[in-house]
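Taking it in order: structure first as structure tokens, then the write-up.
The values are calculated or read from the model by the stated rules, or taken from the named source; none is laboratory data. Note that the coordinates shown come from a computational prediction; the quantities given were computed from them, not determined experimentally. Because the Cβ atoms are built from the backbone with ideal geometry, glycine has one as well, and the counts that use them run over all protein chains shown. Note: areas computed on protein heavy atoms with side chains; ligands, DNA, RNA excluded. Shrake-Rupley method; radii C 1.70, N 1.55, O 1.52, S 1.80 Å.
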Amino acid sequence: FQTMAATSQAMLENPHDLMQRSLQLYQSHLALSAGFLEKMIGKTPTPTAVPEKDDKRFQNPLWDDGMYSLLKQSYLLTSRFLTECVAATEHKLPAHTHHQASFYTRLIIEMLSPTNSPLSNPEVMATALATKGESLMNGLKNLVADAQAGRISMTDYANFTVGGNIGATEGEVVFRNRLIELIQYTPQTPKVGAIPLLICPPWINRFYILDLQSHNSLVNYLVGQGFQVFMISWKNPDASYRDTTFDDYLSDGFIAATDAMMSITGQSSVNALGYCIGGAMLGCAAAILNAKGDKRLNSVTFLNALMDYTDTGDISVFIDEPQIQKLEAKMQAEGTLDGRAMAGAFAHLRSTDLIWSYVINNYMLGTQPKPFDILYWNDDSTRMPAAMHSWYLRNFYLENNIAKPGKLTLLGTPLDITNITQPAYMLCGVADHITPWETCYKPFAAMKSSHKRFILSKSGHVAGVVNPPPTPDKAGKRFL
């Protein structure tokens, strides 16, 4: 409320600009009305407003007919008016406040889309008539089922079984402590590489993001190529873990896993791969171990990993002192933060795709979501200990201390991310809305690695990582 009130005040400070924009909106609606009348008498007027090329909401031809076309264009005109009014306040507001205002305005605009109401969505009305109301009854059943489950269904959950058709690469747990289980995958080749590979996934979700189905499992691919692969599976903590710290996750998680791997394989070093915040942990561990003179890491690979939080994209609208204090109070009361809270925040970054599209399909059209392994994993979230998550939000997102050499001390050693000297590889997604690739690249470029390679993939935070390698006939179409 305070953000939008400040934005409204900033708009009113330039009444002439606001009046000009309002007049342009009025004139655009007059032109839209004139075009509607022309169409009624058989002419083909030029549309007053057309959706952006990547806007999938109005692709159904029914949106080009009569009143629905008028409604669509009126919505687009008003949306652009609101967006431009907020954009005009950029230099009158603090940067964070303006970012929040722009984000909240977009959320409101997306929520008020005529596609999101059954009475104003022609596809919903046509489907209801064609099915004699059965689609609406099915939608009501879906709504009740989702309300009972406490989520919006994004996939057919019954279609997947962890260890069956997802997360099914053969392996066994070879080490366990209070924070992790370490999985060693069964070799698929007569010989394996001597130096083992440790995969460090994010602790917000389950371990099998890099071991989905056989065709898009990085684990299965690597084992098939002769790698010795180990994977950390993080504990899903309860309230008894409230005081567990980031240092604990480093020592009893990542470092304990490498200790166990070296003991099992007889090797003095390991290769390590970290995905998302697992990659941030890998960066911290590598820098700290190097500073201690510990050379156990032979190479490091980062997948969509932020180690500089200067620009974190739209997720930063949820990160400021008042919001963190409110979250900390909740975590102190419960001992953990439910992973669904973070999943909800991430979903709002792309609310049209990750919220409203499912509201329309599930509840208005009465259809069941299709099986999708990534979305099944996405809904399989874990909790985070209060102390660790509070420290993480403050020192990474709020203050960006991870990027300030010597500002943080981990395991008794000052942290300097640039103190990574091992061969390093980083892959990022050009459309990643959680870890913007430009921000990921900055600390990677500053590392003192003996050899570095940066790859930009043509997709987002998850799909850009789990998409399998192209077949030989499509190899020339790779986006690098």
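Just to be sure before I move on: is Gly366 more than 26 Å from Asn216 (Cα to Cα), surrounded by fewer than 20 Cβ atoms within 10 Å (Cβ to Cβ) and modelled with pLDDT of 95 or more in the structure I sent?
Taking the combined requirement at face value, the residue does not satisfy it.
In segment 168-240, which strands (runs of 3 or more DSSP E) lie fully inside it and hold 1 or more residues that are within 26 Å of the chain's Cα centre (by Cα)?
Filter on segment 168-240 gives 180-185, 197-200, 229-234.
Return a yes/no flag: does segment 212-223 have any residue that is free of Cβ contacts under 8 Å to residues at least 40 places away in the same chain, surrounded by fewer than 22 Cβ atoms within 10 Å (Cβ to Cβ) and not aromatic (Phe, Trp, Tyr).
Scanning segment 212-223 turns up at least one residue that is free of Cβ contacts under 8 Å to residues at least 40 places away in the same chain, surrounded by fewer than 22 Cβ atoms within 10 Å (Cβ to Cβ) and not aromatic (Phe, Trp, Tyr).
In segment 289-330, which residues are under 27 Å from Ala256 (Cβ atoms) and over 22 Å from the mean Cα position of the chain (by Cα)?
Leu289, Asn290, Ala291, Lys292, Gly293, Asp294, Lys295, Arg296, Leu297, Asn298, Ser299, Val300, listed by residue number.
I'd like to check something: does segment 38-59 contain any residue that is at pLDDT below 90, open to solvent by 60 Å² or more (accessible area, probe 1.4 Å) and of a type in the set (Ser, Thr, Tyr)?
yes
Can you work out which of the residues in segment 142-167 that are of a type in the set (A, V, I, L, M) and either free of Cβ contacts under 8 Å to residues at least 60 places away in the same chain or assigned to a strand (DSSP E or B) (or both) is surrounded by the fewest Cβ atoms within 10 Å (Cβ to Cβ)?
Ala158
Residue by residue through segment 284-327, note down the ones that are part of a helix (DSSP H, G or I) and open to solvent by less than 40 Å² (accessible area, probe 1.4 Å).
Hits for segment 284-327 are Cys284, Ala285, Ala286, Ala287, Ile288, Leu289, Asn290, Gly313, Ile315, Ser316, Val317, Ile324.
Return the pairs, sorted by first residue and then second, in which the second residue is open to solvent by less than 30 Å² (accessible area, probe 1.4 Å) and in a helix (DSSP H, G or I), the first residue lies in segment 310-326 and is under 14 Å from Ala341 (Cα atoms), the beta carbons are less than 6 Å apart, and the residues are 6+ apart or on different chains.
The qualifying pairs are Phe318/Ala345; Ile324/Leu393.
Would you say Thr115 is modelled with pLDDT of 95 or more, in contact with a Gly (Cβ under 9 Å, 6 or more places away or on another chain) and either basic (Lys, Arg) or open to solvent by less than 60 Å² (accessible area, probe 1.4 Å) (or both)?
The answer is no for Thr115.
Identify, by number, the condition in (1) aliphatic (A, V, I, L, M); (2) under 30 Å from Arg21 (Cα atoms); (3) open to solvent by 50 Å² or more (accessible area, probe 1.4 Å) that Leu129 doesn't meet.
(2)
Only one residue in Gly150, Gly163, Gly139 is more than 24 Å from the chain's Cα centre (by Cα) and modelled with pLDDT under 95. Which one?
Step by step, each of Gly150, Gly163, Gly139 is checked, and only Gly163 is more than 24 Å from the chain's Cα centre (by Cα) and modelled with pLDDT under 95.
If you go through segment 260-283 one residue at a time, do you hit one that is open to solvent by 50 Å² or more (accessible area, probe 1.4 Å) and free of Cβ contacts under 8 Å to residues at least 24 places away in the same chain?
Scanning segment 260-283 turns up at least one residue that is open to solvent by 50 Å² or more (accessible area, probe 1.4 Å) and free of Cβ contacts under 8 Å to residues at least 24 places away in the same chain.
With Ala34, Ala10, Ala6 as the choices, which residue is modelled with pLDDT of 90 or more, part of a helix (DSSP H, G or I) and more than 19 Å from Leu82 (Cβ to Cβ)?
Ala34
Need pairs with beta-carbon distance below 6 Å; first residue under 18 Å from Gly283 (Cβ atoms) and among the hydrophobic types (A, V, I, L, M, F, W, C) and within segment 232-256, second open to solvent by 40 Å² or more (accessible area, probe 1.4 Å) and part of a helix (DSSP H, G or I); sequence gap 6+ or separate chains.
Listed pairs, sorted by first residue: Phe246/Trp391.
With respect to Glu438, determine if the residue is at negative phi, without any contact (Cβ under 8 Å) to a residue 24 or more places away in the chain and open to solvent by 50 Å² or more (accessible area, probe 1.4 Å).
no
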